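This report refers to the structure that appears directly beneath it.
The values are calculated or read from the model by the stated rules, or taken from the named source; none is laboratory data. Here the structure is a predicted model, which means the values were calculated and not measured. Note that each Cβ is placed from the backbone with ideal geometry, even for glycine, and that neighbours are counted across all protein chains shown. Ligands, DNA and RNA are excluded from the accessible area calculation, which covers all protein heavy atoms including side chains. Shrake-Rupley method; radii C 1.70, N 1.55, O 1.52, S 1.80 Å.
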Amino acid sequence: MKAPTTLLAERAMAKQPVLEDPLASCREAAIPLVADAVVDACTFSRPSNQAARMVSSRMGLITRQLYKKTQEMRAGGLPEHFLLVVTRDELIALEQKPIMRRGGGMETGAEVARWRRADLTVSSSPAGYLINVTLVSPGEDEQVKCCVGKSTVTEDFVRLLGDPTRQTRAVS
């Protein structure tokens, strides 16, 4: 049985218009910030736990800060939202911040992490309307947990992350 939030998200996703290239805006945001040729890019977030978030928001400032710090540690110190950029040999994480003016969107900022694609081990698992992704860099003893909204394009992007020999964009 699916959770009500999953059903609501699936219903909302079905009403969204189908874009020809949904990751084009991510690639365009990454190109000026990355020196190498960009294969593809996609926005990711730290993993979330709705129950823990609700409890922490009702338990006071210290509990909320502890929850946020725990999520940051699980994501390997990455910001709340970040852009994963795939180049020929590397995976680069760029910080993203929400734009707080009319129209919204995300502003892409500085590089926060970089890994060699050949050194990474990528695993993923579906989680309702999300895909939980774990990036493991054995050489650095680092494990990064993150998530992305589930769609055919993001599923293919996750496969791109796990295949260091692939040099083609994610397709829907």
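Restrict the check to region 139-147 and report whether at least one residue is among the basic types (Lys, Arg) and open to solvent by 50 Å² or more (accessible area, probe 1.4 Å). Yes, some residue in region 139-147 is among the basic types (Lys, Arg) and open to solvent by 50 Å² or more (accessible area, probe 1.4 Å).
Every condition in (1) crowded, with 16+ Cβ neighbours inside 10 Å; (2) part of a helix (DSSP H, G or I) is met by Val133 except one, and the failing one is (2). Can you pull out every residue in region 116-129 that is assigned to a strand (DSSP E or B), modelled with pLDDT of 90 or more and not hydroxyl-bearing (Ser, Thr, Tyr)? If the condition is that a residue be assigned to a strand (DSSP E or B), modelled with pLDDT of 90 or more and not hydroxyl-bearing (Ser, Thr, Tyr), then Arg116, Val122, Pro126 are the ones that fit.
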